[in-house]
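A short worksheet on the structure shown next.
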Amino acid sequence: MQSTHQVTREESPPRTGSHEAILRLRVEPDDVGTVGVVDGGKLLGWIDNVAYATAASWSGRDCVVASVGNMHLDRPIGVGELVEADAGLVYTGRSSMHILITVCSSDPTRANAPQTSQCPIIFVAVDDSGNPVEVPPWTPVTMLELQRQRQARVRIPMRRRIEGAMAAESYTVEGSAHRATLRFHAAATDVNRGGRVHGGQAMQWIDEAARVCGAGWTGAHVITSYVAGIRFYRPIIVGDAIDVTARIIRVGRRSVHIGIQVTTANANGVQPDLVAHAVAVVVSLDEHGEARPVPPWEPDSDEDRRLDQHARHLIELRQFVEPFTTAAAVPDAHLSATFRHRITPAATAPPVRTATARRWAATAP
């Protein structure tokens, strides 16, 4: 997770690594949650792993996750499916690397796997003390890379605006909305070699808290269909007391919108600090795998109404975020070898639980 130190100006290491990485795996029974499909937190963990490999390979440094953009799960992923996560650089700043991950999954018998999810994530290269360091600049070559670099650049101001709006909100006892809090200490098994908690681990905490909150409201198991605005402000280290608070900020006909804040104090009980925030949308699936109606909720306190308006404002802001171009939208002659002939977008792929995909798409902001 991102440090707040100034960027260290030193000679950047020569680029010896690739600007792309691929993660392939088969979904095992212990990879799925209570509803029989891969939870959003598990998927975010895979995304974090392949994005880290890309960032570390390019920079030649240890890297920490700073923020995660919109991740919409287009279709659920079940046991036995083959999952492929393709990560590639789309933009580099002084110390930051903007990476886009495209996840495809399908039954092993299918020739072309449909796109399951697409997620942008930003990593920062750090030295042994955790201070940001400069990274080698990346130059796009293909038409697809040029388009995605432009899209990454224009997203920066809106991302900062969304992050600022989310950081300004607070959850107090005045709110009457349903909430859930996970409370624990960061364990040694949660950290990487630098002594910091893995970003992917923290994202799984965020997803778990959102699902606990959503299940408490709906009275049924839920799955995360959308996550956005994950922003890390400081690292978590072993022994930190962690509170992950999730509370309802808006309820749709078939979806529950949940705000999540991660706070921490060290073992000596210092005043908690904001570590991360996020927004998630969860749905409850019926026996056919479709999102079912959820109990309605009306805000009845000043805080509830403020956060409901905040949720609506975030939805409005995200309408101005240009989606990243899919590989299939660019002619083969302009694609890099890694992406050519590999990805079939969900919109053109043979239907896989299309009713569920359409219903889920309607629930996301």
Original post:
Given the conditions (1) assigned by TED's automatic domain parsing to the domain that holds Val256; (2) of a type in the set (Val, Ile, Thr); (3) crowded, with 18+ Cβ neighbours inside 10 Å; (4) in contact (Cβ under 8 Å) with a residue 40 or more places away in the chain, which single one is not true for Ile162?
Top reply: (1)
Original post:
Out of the stretch 173-191, which residues are part of a loop (DSSP other than H, G, I, E, B), hydrophobic (A, V, I, L, M, F, W, C) and crowded, with 18+ Cβ neighbours inside 10 Å?
Top reply: Ala177, Ala186
Subject >> Residue pairs meeting the criteria (Cβ under 8 Å; at least 6 apart or on separate chains; first in contact (Cβ under 8 Å) with a residue 24 or more places away in the chain and surrounded by 11 or more Cβ atoms within 10 Å (Cβ to Cβ), in the stretch 310-332; second basic (Lys, Arg) and part of a loop (DSSP other than H, G, I, E, B)) >> reply: Ala327/Arg340; Ala327/Arg342
**OP:** Taking the options His19, His98, name whichever one is of a type outside the set (D, E, K, R), surrounded by 22 or more Cβ atoms within 10 Å (Cβ to Cβ) and at pLDDT 95 or above.
**Re:** His98
**OP:** Considering each of Pro136, Pro140 in turn, give the residue that is in a loop (DSSP other than H, G, I, E, B), farther than 21 Å from Val68 by Cα and touching a residue at least 60 places away in the same chain (Cβ under 8 Å).
**Re:** Pro136
**OP:** Go through (1) polar (S, T, N, Q); (2) in contact with a Ser or Thr (Cβ under 7 Å, 6 or more places away or on another chain); (3) in a loop (DSSP other than H, G, I, E, B) one by one and return the number of the condition Ser129 breaks.
**Re:** (2)
**OP:** State whether one or more residues within the stretch 244-257 are farther than 21 Å from Arg306 by Cβ, aliphatic (A, V, I, L, M) and in contact with a Leu (Cβ under 6 Å, 6 or more places away or on another chain).
**Re:** yes
Subject >> Identity of the residue in the stretch 221-244, over 20 Å from the mean Cα position of the chain (by Cα) and assigned to a strand (DSSP E or B), that ends up farthest from Pro272 (Cα to Cα) >> reply: Ile237
Subject >> Qualifying positions in the stretch 38-74 - part of a helix (DSSP H, G or I) and β-branched (Val, Ile, Thr) >> reply: Ile47, Val50, Thr54
Original post:
Which of the following residues is surrounded by fewer than 24 Cβ atoms within 10 Å (Cβ to Cβ), over 17 Å from Arg312 (Cβ atoms) and without any contact (Cβ under 8 Å) to a residue 40 or more places away in the chain: Thr245, Thr263, Thr218?
Top reply: Thr263
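The values are calculated or read from the model by the stated rules, or taken from the named source; none is laboratory data. Small disclaimer: the values here were computed from a predicted structure and weren't measured. A quick note on method: Cβ atoms are made from the backbone with ideal geometry, for glycine too, and the neighbour counts reach across all protein chains shown.
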